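As structure tokens, the structure follows; a few thoughts come after it.
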Amino acid sequence: MTYISLHNFINILEQNGSLKRIEHPVSPILQMTEITDRLSKNKGPAILFTNTGTDFPLLMNAFGSTARMLSAIGMKDYSEFEERINSILSMVSTNNSGLKAKIELLSKAKELSYASPKRLKRKGSCFQLKMQEPDLKKLPILQCWPHDGGKFITLPMVHTKDPDTGITNVGMYRMQVFDKATTGMHWHKHKGGAAHYEKHKTMGSLMPVVVTLGGDPVYTYTATAPLPEMITEYAFAGFLRKKKVQLVKCLSCDIEIPEDVDFVIEGFIDPKEELKTEGPFGDHTGFYSLPDTYPMFHVTHISHRKNAVYPATIVGIPPMEDAYLGEATEQLFLPLIKAMIAPEITDMYLPPEGGFHNLAIVSIRKFYPGQAVKIMNALWGAGQMMFVKNIIVVNEEVDVRNSTQVAEAVLKNCLFERDFHFMNGPLDVLDHANSTPLYGKKTGIDATNEGLFTNGRKPVVAGFSEISDSRNYFPQSETPLTVIFVDKNKTASVRKLHSDITGKGTKIPYIIYLDSNCLHLNESELLWMFLANFDSGNDLFIEKTDIGYCVGFDGTMKKVNDKIAKPRANIITSDIKTIKEVDEMWEKLNIGSFIESPSLKYKKITPRNEGYLYDK
């Protein structure tokens with residue numbers, strides 16, 4: 001199914017019982033986030049806030065379920081996409097004609113014809129109304145979290161054009177609003193918009209930028225998709241929805257945008273201008289990302305369609321709406337990875353707890369020794385997979401989404417000295433666990449070898465005052481895993497504790513260390529805390545025992561003096577004032593039974609140690 005507007009999508013969600021309207025006044029400053037956070041963490045509906053204090057309603061959590069995500073990209077099941085890709089590839093592999101005939105056959109394929117956008121000469125519906133003077137304050141822009149640097153546009157589709165090739169890139173980069181006509185442009189060094197900016201900087205020319213919001217929801221997804229440079233976002237959108245995207249030129253430049261978007265914000269970036277501090281921002285890692293300097297976007301025109309809807313999202317401690325955007329990318333790009341990079345891959349999973357760049361679990365059809373290592377290196381060299389810090393490779397019979405099966409495969413099959421592989425490479429800008437920005441150590445674990453261990457493991461830890469509690473997983477197996485909860489006020493360092501434990505003859509193959517204040521968290525939350533705070537370059541401890549190695553993984557939150565030179569931003573939670581305000585208005589929202597604020601749980605793990613920022 002395709003949508004003629006964002007309103008059309010909203011109506012379909014409402015008819016399906018997947019959307020609730022909130023007519024009670026709710027502020028975009030913190031309150032909308034608190035309401036949406038409660039709903040998204042409890043698999044709640046999309047929300048349309050109709051009383052925003054502006055002329056425009058605000059849509060949140062629109063992609064917050066697998067069903068809604070599939071509906072947004074016009075599919076009933078992700079398997080449809082793999083079937084379409086395989087069908088196209090088979091035209092090349094099975095046709096016996098010459099190469100020229102095969103190319104002609106592909107060019108005529110109806111599937112591929114959708115990928116060619118249609119360019120309209122008329123003005124689009126997105127230009128029905130135009131602000132006489134551009135003023136971002138007239139939009140219901142969110143301040144998501146208490147320590148955010150200000151208000152942020154969180155679902156922008158940012159259009160830039162390569163000054164050499166003329167090819168347009170559409171990316172999604174958060175935009176902090178500085179005043180009514182300027183924002184930050186938070187594009188990372190590895191992104192398409194940043195590359196275009198560097199070219200304009202070299203040329204000394206102003207850089208036209210156009211930001212759109214809304215329209216067919218497939219546009220929003222494709223702006224987040226890790227596409228290769230030769231495939232444009234609107235070509236991919238047309239292919240997904242089986243309908244050409246209709247493009248129109250903007251008012252102030254020759255950048256083309258979909259004619260049916262809700263808002264068009266046109267302007268420019270001056271590469272000669274000094275960068276401006278942007279942030280902090282409560283990010284998808286579950287932690288605040290720290291302030292940094294980025295280019296300033298100057299707004300010259302704001303247009304919108306009649307009855308425009310302002311779309312927004314929030315990110316924070318998983319699971320949240322972005323989990324389903326990530327799931328779509330996993331499912332849509334796996335067939336392409338299998339076809340073009342590694343056909344032996346059978347499945348792949350990037351757990352939301354890892355923020356999509358801390359962990360990838362891959363299953364393969366194994367034929368030869370070292371094949372898992374080949375897969376690790378292939379993935380680390382594939383587009384945005386280069387940011388993944390940890391990759392676990394398992395055999396095809398292991399369900400990559402079943403944490404018990406994956407853990408058992410690692411514990412049963414891995415010898416540290418043979419099956420753990422390390423390399424250095426690019427890291428995500430938002431990674432806060434590594435000591436060197438943008439670059440650090442990666443870990444690959446080959447769990448495809450079988451039947452390695454003999455009995456004799458002792459998963460018992462006692463006699464250490466700094467240990468608040470411990471949990472033994474798979475205690476009946478030959479290779480149990482122990483999680484130790486550490487009171488860091490009672491120990492010189494986790495590294496020393498690990499050495500002391502092995503020195504007392506405790507024979508444990510793998511130990512994960514977490515802070516003692518995490519005892520009340522569930523298994524998913526413990527995984528999030530571990531992945532967010534573990535860096536193999538600093539936090540991996542190896543001790544030799546008489547039956548092999550005892551490997552320690554330090555997943556505790558680090559302070560500045562824990563060999564980390566940079567400041568440490570804190571966990572994202574709502575403030576008590578906002579929590580109480582939402583508690584008091586809940587019955588008036590008409591969105592179902594009362595849900596307690598998730599932030600109350602996470603405030604118990606929010607440290608107050610020196611060196612942390614935003615800890616009140």
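Each value in this text was obtained by applying a stated rule to the coordinates, not by laboratory testing. Keep in mind it's a predicted model, so treat the numbers as computed, not measured. As a convention, Cβ positions derive from the backbone with ideal geometry for all residues, glycine included, and neighbour counts pool all protein chains shown.
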*In the chain, which whole DSSP H runs stretch at least 18 Å along their own axis (Cα) and average -1.0 or higher on the Kyte-Doolittle scale?*
79-94, 322-340, 576-589
*Tell me which residues come under 5 Å, amide H to amide H, from residue 278 once H is placed; ignore anything under 5 positions away on its chain.*
292, 293, 294
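Which length gain, in nm to one decimal place, applies between residue 242 and residue 422 when the Cα-Cα distance is subtracted from 0.36 nm times their residue separation?
Full-extension gain reported as 60.6 nm.
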*Please give the calculated 222 nm ellipticity per residue for the chain, where each DSSP H segment of at least 4 residues contributes -39500 (n - 2.57) and the sum is spread over every residue; nearest 500 deg cm²/dmol?*
-8000 deg cm²/dmol
_Which entries of 118/243; 121/242; 20/588; 118/244 have Cα-Cα distances beyond 18 Å here?_
121/242
*asked:* Expected output is a single nm value to one decimal: the length gained when fully extending between residue 415 and residue 128, i.e. 0.36 nm times separation in residues minus the C-alpha distance. What is it?
replied: 96.9 nm
*asked:* I want the local charge near residue 121. Using Cβ-Cβ distances under 14 Å, sum +1 for each Lys or Arg and -1 for each Asp or Glu among the other residues.
replied: +2
*Förster radius 25 Å - calculated FRET efficiency between residue 162 and residue 277, Cβ distance, rounded to 0.05*: 0.35
_Sorted largest first, extent of the stretch 322-447 alpha carbons per principal axis (Å)_ = 37, 35, 28
*Go ahead and run the numbers for FRET between residue 198 and residue 377, Cβ-Cβ distance against an R0 of 30 Å, rounding to 0.05.*
0.60
*Restricting to lysine pairs 8 or more places apart or on different chains, what number in the stretch 322-447 have Cα atoms under 15 Å apart?*
6
*Any aspartates and glutamates with Cα under 15 Å of the residue 201 Cα? List them, leaving off those in the same chain fewer than 8 positions away.*
162, 164, 270, 273, 274
*Under 15 Å from the residue 544 label point (7 Å along Cα→beta-carbon), backbone N, the stretch 407-442*: 416-418
*asked:* Taking 8 Å as the Cα distance limit and 6 or more residues as the minimum spacing, I'd like the relative contact order of the stretch 322-447 as a percentage.
replied: 22
*Normalised by the residues of the chain, what does the relative contact order come to in percent, with Cα pairs under 8 Å and at least six apart?*
13
_Those trypsin sites (Lys or Arg not before Pro) in the stretch 252-355 that DSSP places in a loop and that have at most 15 other beta carbons within 10 Å_ = 272, 306
_For the chain, share of DSSP beta bridges that run antiparallel, in % to the nearest 5_ = 70
*log₁₀ of I(q)/I(0) at q = 0.05, 0.06, 0.07, 0.11 Å⁻¹ - the chain, Debye sum with one point per alpha carbon*: -0.23, -0.34, -0.46, -1.13
